[in-house]
Amino acid sequence: MALPQIALPAGYRWRTLTPDDQRLVTELDTWAFPTGHAHDDIDAAPSPLTWDRAIAIEAEGLDGLVALHASYPFAHFPVPGAELPTAGLTWVGVHPQHRRRGLLTAMINLHLARSTERGEALSALFAAEAPIYGRFGYGHAADDLRLEIPRGAALRDVPGAERHTIRIEVATREKHGALGDRLHHAAGAAPTGVPGINRPGWVTRETEELQAYWWADSPIYRDGRESRRIMIVELDGEPRGYVTFRRTLSWEAGGPRGRVHAGEVVALDAAAARALWGALLDLDLTNEVAPFVLPVDDAITHLLVDLRAAAPRTPDNVWVRLVDVAAALAGRQYAADVDVTLAVTDPRLPANAGVYRLQAEAFGPATVERVDPEFDAPELSLDVRELGAAYLGGKSLAALAAAGLVTEHRRPGQREGALARASTAFGWPVAPASSWVF
């Protein structure tokens, strides 16, 4: 497919990529994101890229690449109560010698144009640097939870947890890939056990490349830690959850001190979660468990008797950009009845700008139509960035309004309380989060 006509600064040109370009990609990536690993070691590990979605920039008279971006095809990206095709923007990098020349802007413009062509209503990403992507219309839509839990930390009891058993093995795709996919999908589809109440942002690894990359256990991923292990919790022989982890151990004058670096933590119910965390917090020769990215409402936040002692931190998780405002608004469910008119601005994608009337019953289908502001005056005004922040249900429109980023209009003849009603409807019973960084 020919690339959309997106202009580059003079002296630069687009370049499509294939697997044969792996070394060029590695060379650029290590300029954009410094590492101590050798290029040969990086190239020996599987690449996660979907190559026909990876586009680079070359400079006239120079060998190699000077910039790169790619995306993952998330056909089933979870949004509140539904799934939508989404472009997972990734591997965005510019060689330090070619910064501040408009290359990033051109790459984002190309990415959004290609997402539009493919019918992807959303784009989502993890931001290496938080200040970058807001100016391109991405909103900070979710946070995650980082903890440092002391070994043996007291947990509240959950009936039935004692009936579960634990097995611990070296993690391999051959043995655990299908099990992990099944449990991960089930945990995202109904994290509270209530059908239809899904976890927005709980994206799965949909491509063969992502699966191979995620399960690979190259030494370059270990950073001095052991090979990847997996702890599986079972009830009567049926897997009900898992956690991947790596340990480190140091021998000190006061005795051994070990750290459990937990990766993905998945449990299908409260009893399984209690059994899993109880076992993880009782590994020999350790003094601390450090899970990587947990939802901010993960069961452990309620199971820990002393959450404060785990030093909780909540960095940003997924950022969301509405590529097609009407399709995105109509493609999710809402937590309350809603009938509101929204004036949306979008300087980068002017086709999105306009006034939309959103109507939906709680947890039912939604309808969205463009309206003439002369006859349907907007009740709320906001930029597409703030719409992206609120879209997964983790950020409040009312809180954004308190920061001056959403405006409520109170005109004669209009109903009062549009902000409160819309803010309630855009919320969701479960906090959004991705369990892995893409």
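The values are calculated or read from the model by the stated rules, or taken from the named source; none is laboratory data. No experiment lies behind these values; they were computed from the predicted model shown. Methodologically, a virtual Cβ is constructed for each residue, glycine included, from the backbone with ideal geometry; neighbour enumeration extends over all protein chains shown. Quick note on the areas: whole protein, heavy atoms, side chains included, nothing else; ligands and nucleic acids left out. Shrake-Rupley method; radii C 1.70, N 1.55, O 1.52, S 1.80 Å.
Couple of notes before you dig in:
- Carbon/sulfur fraction of accessible area - the chain, other protein chains in place, 1.4 Å, %: 52
- For D376, distant residues with modelled amide H under 5 Å away: none
- For the chain, the solvent-accessible area works out to 44 Å² per residue, with a probe of 1.4 Å and every protein chain left in place.
- Sequentially through segment 312-321, phi angles give Karplus couplings (6.51, -1.76, 1.60; θ = phi - 60°) of x, 9, 10, x, 5, 10, 7, 10, 10, 10 Hz, Gly and Pro residues having no value and appearing as x.
- Computed over all pairs of different Cα atoms, the Kirkwood value for the hydrodynamic radius of segment 327-403 is 12.9 Å.
- For segment 225-321, radius of gyration divided by Kirkwood radius, i.e. Rg to Rh on alpha-carbons: 0.99
- Separation in nanometres of the label points that stand 7 Å from Cα toward Cβ, at T16 and T407: 4.4
- Given +1 at the Cβ of Lys and Arg, -1 at the Cβ of Asp and Glu and no other charges, the dipole of segment 190-252 around its Cα centre is 200 debye to the nearest 20.
- Note that segment 1-80, at 4 °C in a medium of 1.567 mPa s, gets a Stokes-Einstein diffusion coefficient of 91 µm²/s from its Kirkwood radius over C-alpha pairs.
- Relative compactness, segment 120-242, computed as alpha-carbon Rg over 2.2 N^0.38 Å: 1.30
- Its residue count N sets the reference 2.2 N^0.38 Å, and the alpha-carbon radius of gyration of segment 358-438 equals 1.20 times that reference.
- Computed from backbone phi, the HN-Hα couplings of segment 395-412 come to 10, 8, 4, 5, 5, 5, 5, 4, 8, x, 9, 10, 10, 9, 9, 10, 10, x Hz, rounded to whole numbers (Karplus: 6.51 cos²θ - 1.76 cosθ + 1.60, θ = phi - 60°; Gly and Pro given as x).
- Using the average count of surrounding beta-carbon atoms within 10 Å as a protection proxy, the listed peptides 19-25, 37-43, 287-293 rank, highest first, as 287-293, 19-25, 37-43.
- Kirkwood hydrodynamic radius (C-alpha pairs) into Stokes-Einstein, segment 138-199, 10 °C and 1.306 mPa s, D in µm²/s: 102
- Rounded to the nearest whole Hz, the Karplus-based 3J(HN,Hα) values (6.51 cos²θ - 1.76 cosθ + 1.60, θ = phi - 60°) of segment 276-282 follow the sequence 5, 5, x, 6, 5, 8, 10, with x at glycine and proline.
- Over the chain, the hull volume per residue, using the convex hull of the C-alpha atoms, is 164 Å³.
- Between F363 and W51, the distance separating the two model label sites (each 7 Å from Cα on the Cα→Cβ line) works out to 4.7 nm.
- Amide H contacts of T286: G258, each under 5 Å away and 5 or more positions distant or on a separate chain (H built 1.01 Å from N in the peptide plane; Pro and chain starts excluded).
- The value obtained for segment 265-329, namely the Cα convex hull volume divided by the number of residues, is 128 Å³ per residue.
- Under 5 Å, built H, 5+ apart or other chain: amide partners of D337: A362
- P(r) histogram, all alpha-carbon pairs of segment 271-398 included - 5 Å bins from 0, percent: 2, 9, 15, 17, 12, 9, 8, 9, 8, 6, 3, 2, 0, 0
- The stretch between D236 and K175 holds 20.0 nm of extra length on full extension. This uses 0.36 nm per residue minus the Cα-Cα distance.
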